[in-house]
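Okay, structure first, notes after.
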Ligand SMILES: CC(C)(COP(=O)(O)OP(=O)(O)OC[C@H]1O[C@@H](n2cnc3c(N)ncnc32)[C@H](O)[C@@H]1OP(=O)(O)O)[C@@H](O)C(=O)NCCC(=O)NCCS
C-alpha cells in the first residue's frame, strides 16, 4: 500500500516527504550537527552537499518503488531532522527504522512523537509486521527512545556497523511486531 504523503505531529509539527529543493537546508543542518551525527553514523563523516542531494533523490526513487520511506521532521516550518524506513523488506514485511534530530530540538519529545507516528503508519497503513531499530550500545538517547515506545531489546550484534575506519559499533537490536501493539509495554498512542 502506498504511503500517505504527510503525517501530522503534536504542536503543529509534521513528517513530510523530502524534496530536491530541501538539499541546501538539509545539508546545513547536517553541517551544524556533524560532530554528533558522525559519532554514530558512517554517512555523516564526509557527507558533501552533492551527497545530501543524492540521498534525497535516492529516497524519492526508493519510495516510488515502495522500498523505503524517508520523512523530514518539520518544526516551526524548518527541517529539524530525518526519520524513515530505510529499507522495506516486503517478502518478510519488515523494515529498519533510522532517525536523527538537530541538537537544538532534542529533549522535547519531538522524536518520540515522530517515531510513534511512523510506527503507527507502518503497521496500520503499510501493514508491515516487524519494525527494527539498531542502536550503538553506547548510544543512550537512541536506546532510550526505542525503549520509551515499547520496542523490545532482542540482543547485541557485535561489531556489526563500521562507524569509522577505526571503530566498529556493537549494535543493540530492538523490534516491535504488529501484535506487540496490543501488549502492555507498547506506548504508541500516548505520543500523539
Ligand atoms: C536519538 C535522538 C533522536 C534522540 O533524541 P531525543 O531528543 O532524546 O528524543 P526526543 O525528541 O523523543 O526527546 C526525548 C527527551 O525529551 C524529554 N521529553 C520532554 N517532553 C517529552 C514528551 N512529551 N514525550 C517524550 N519525551 C519528552 C524526554 O524526557 C527525553 O529527555 P531525556 O533524554 O532527558 O529523558 C537524538 O539523540 C539524535 O538525533 N542523536 C544523534 C543521531 C543518532 O544517534 N541517531 C540514532 C542512530 S541509531
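The values are calculated or read from the model by the stated rules, or taken from the named source; none is laboratory data. Just so you know, these numbers come straight off a predicted model, no measurement behind them. Ideal geometry is used to build each Cβ from the backbone, glycine not excepted, and the neighbour counts take in all protein chains shown.
A compact table of results
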{"read-out": "Any hit, segment 46-67, residues being surrounded by fewer than 17 Cβ atoms within 10 Å (Cβ to Cβ), more than 16 Å from the ligand (Cβ to nearest atom) and either within 15 Å of the chain's Cα centre (by Cα) or touching a residue at least 60 places away in the same chain (Cβ under 8 Å) (or both)", "value": "yes"}
{"read-out": "Enumeration of residues in segment 87-101 that are surrounded by fewer than 19 Cβ atoms within 10 Å (Cβ to Cβ) and more than 11 Å from the ligand (Cβ to nearest atom)", "value": "87, 89, 90, 91, 92, 93, 94"}
{"read-out": "Restricting segment 121-139 to residues that are in contact (Cβ under 8 Å) with a residue 60 or more places away in the chain and more than 16 Å from the ligand (Cβ to nearest atom), the residue that is surrounded by the fewest Cβ atoms within 10 Å (Cβ to Cβ)", "value": "127"}
{"read-out": "Qualifying residue in segment 140-153 (condition: under 25 Å from residue 25 (Cα atoms), at pLDDT 95 or above and either outside any loop (DSSP other than H, G, I, E, B) or near the ligand (Cβ under 8 Å from one of its atoms) (or both))", "value": "yes"}
